[in-house]
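As structure tokens, the structure follows; a few thoughts come after it.
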Amino acid sequence: MPMLAETLDGVIGVDTHRDTLTAAAVTAIGGLLDHATVTTNHGGYQDLLAFATARLPGRRCWAIEGAGSFGAGLATFLLDQGEQVIEVPRRRRSTRRTAAKSDALDATHIARDALITQHPAIVRRRGDREALRVLLTTRRNAVTAWTQTVSRLKALIVSAPEELRAELRGRGTKAQITYCAALRERPTRSLEHQMTARALHATARRCQLLRAEINQHQHDLHTLVVAIAPWLLELPGVGPITAAQILISWSHAGRWRSEAAFAAQAGTSPIPASSGQTRRYRLNRRGHRQLNHALHTIAIVRMRDDP
């Protein structure tokens, strides 16, 4: 696949921040034409497009660092305008330490790095994909909070007065949460007993609220997956969570140029580790770890249940 420098007249590199965007227009041979800084809003996006039209009116491409965060609005605006947009990874810290630093210089480096890229990363789509992403991220955070809250509840039970511990002994986690959530004030008990019961009640109620939130997010994810790609849920081992993660990573048709590129992105491609007459491979520890986890879950379920 040819490099961008061989197919374009130039690249506009964009260094993104919360309040400002700095762009640098660079020719196909890396020469700096001009740079500009605008605010991060719709008016700023229009000013950048006018800047690019004036400096690079021919075949051009936008290279944006942080197209999924501070540059998301600009990337969406440019795609709607029919512009070619790619995402450039953040430069390595070791490289940045040995060079001068400014937003204009960073934008220039971004454009020049894009020129020598053979396989540029196409910006991920928003819309349905972004709806899935925000729901899945929120559910993941809720699961983490639920796990931590259950651990706190268990710790409270371990150190609780013996009378409370006796009431909860032998119950499973779900039963303990239900029982503690129903605890009421006990004015006749000691102050330690009263405060521990109150803490158990509050913690158990938090567990129940988080579980209800997790279930609601899972229901919403299932509804979205059914609307976007219902055939995914028909595959053995694929549930709404793993299907949502696959759709988020996939983003849109053409994002991966081959099955090998998909395997590399998912961290499932074997890495050659041969030496001399020894021929061997090792596991790929890189790639998108959440996508890798989704594929691992599907494989485990299929090994267990699918003939």
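Only the coordinates and a few stated rules stand behind these numbers; no lab work does. Here the structure is a predicted model, which is why all the values come from computation and not from measurement. Positions of Cβ are backbone-derived with ideal geometry, glycine not excepted, and every protein chain shown enters the neighbour counts.
Some points to look at:
- DSSP-defined antiparallel bridges as percent of all bridges, the chain, nearest 5: 65 percent
- Packing-based ranking, highest mean first, of 197-206, 42-51 given that Cβ atoms within 10 Å are counted: 197-206, 42-51
- Residues whose amide H falls under 5 Å from that of G287, counting only those 5 or more places apart or on a different chain, are absent, with hydrogens built in the peptide plane.
- Linear extension gain, H193 paired with E162, 0.36 nm per residue minus alpha-carbon span: 10.2 nm
- Applying the Karplus relation 6.51 cos²θ - 1.76 cosθ + 1.60 with θ = phi - 60° to the range 111-118 yields 3J(HN,Hα) values of 5, 5, 5, 5, 4, 9, 7, 7 Hz, where x marks Gly and Pro.
- Modelled spin labels at N284 and E234, positioned 7 Å past Cα toward Cβ, are 2.8 nm from each other.
- Where both bridge residues fall in the range 1-156, DSSP classifies roughly 60% of the beta bridges as antiparallel.
- Relative contact order of the chain, defined on C-alpha pairs under 8 angstrom at six or more residues apart (%): 14 percent
- Ranking A260, N284, A294 by how far each Cα lies toward the positive end of the dipole of the range 256-305 (charges on Cβ) leaves N284 at the top.
- Amide H contacts of A67 (H built 1.01 Å from N, under 5 Å, at least 5 apart or other chain): V88
- Protection proxy ranking of 155-161, 35-41 - average other beta-carbon atoms within 10 Å, highest first: 35-41, 155-161
- Here the 3J(HN,Hα) profile of the range 158-169, calculated from phi with Karplus coefficients 6.51, -1.76 and 1.60 at θ = phi - 60°, is 4, 9, 6, x, 4, 4, 5, 4, 5, 5, 9, 5 Hz, Gly and Pro shown as x.
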